[in-house]
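The next block holds one structure in the form of structure tokens; read it before the comments.
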Amino acid sequence: SGRKILSADYSQVELRVLAHFSEDPKLVEAFQEDMDVHQYTATLLYNVSRDDVTRQMRNVAKTINFSIVYGVSAFGLAQGLVVSVSEAQAFIDSYFARYSKVKEYLETQKEEARQRGFLKTILGRRSYFPEINSQNQNRRQFAERAAINAPIQGSAADIIKLAMIEIQKELERKKLKSLMMIQVHDELVFDALSS
């Protein structure tokens, strides 16, 4: 017997949370059908079949999928994809045309943050956005991006913390010698005793 490092992570947890909150039918379907969500997004953005999605198309779709969660601007996305701002804006527009409920959800979140000053995660933890109504455009836009991201990233954190509690209970119940060593975003790393 010996010790091994075991790593376990959630697959696309933030995008799954976004699908849950937005109830966007296309995004929900992608996860229910266990599709490669980045490949699926590429089929929508480029209007091609799954078999025709190239690695570059998938990489662009992946960047856009995660950028949307962070409330990226066309300027920010242009830098990430090394394309013009107008091309980046076209990608964002195309994304929201395909995932229209995602756009609705994100706009609703910003408006709720403006009205209440805070938003909640899936377990009810609050994030506050004191600059959301600032006269300073940069501060206001930063707060809007944070308002888009905080409930999604915060809910993903809630989920991993619940998983850690349940896994620890199971390790103790089964009297296993394996140890949960570290949590990195949506990943848990174990020092596992193998037989």
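The values are calculated or read from the model by the stated rules, or taken from the named source; none is laboratory data. Bear in mind that the values here come from a model prediction, so they are computed numbers and not experimental data. Ideal geometry is used to build each Cβ from the backbone, glycine not excepted, and the neighbour counts take in all protein chains shown. For accessibility, only protein heavy atoms count, side chains too; no ligands or nucleic acids. Shrake-Rupley method; radii C 1.70, N 1.55, O 1.52, S 1.80 Å.
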- Do we have any residue at all in segment 42-58 that's open to solvent by less than 60 Å² (accessible area, probe 1.4 Å), under 25 Å from Ala143 (Cα atoms), more than 17 Å from the chain's Cα centre (by Cα) and of a type outside the set (D, E, K, R)? no
- Checklist (1) closer than 29 Å to His38 by Cβ; (2) loosely packed, with under 15 Cβ neighbours inside 10 Å applied to Ser155, failing item: (2)
- Qualifying residue in segment 9-27 (condition: closer than 22 Å to Ile152 by Cα, free of Cβ contacts under 8 Å to residues at least 24 places away in the same chain, in contact with a helix residue (DSSP H, G or I) (Cβ under 7 Å, 6 or more places away or on another chain) and open to solvent by 20 Å² or more (accessible area, probe 1.4 Å)): yes
- Message: I'd like to know if segment 65-72 contains one or more residues that are closer than 22 Å to Ala30 by Cβ and of a type in the set (S, T, N, Q).
- Response: yes
- With respect to the numbered conditions (1) over 20 Å from His38 (Cβ atoms); (2) in contact (Cβ under 8 Å) with a residue 60 or more places away in the chain; (3) open to solvent by less than 80 Å² (accessible area, probe 1.4 Å), which one is the sole condition not fulfilled by Arg145? (3)
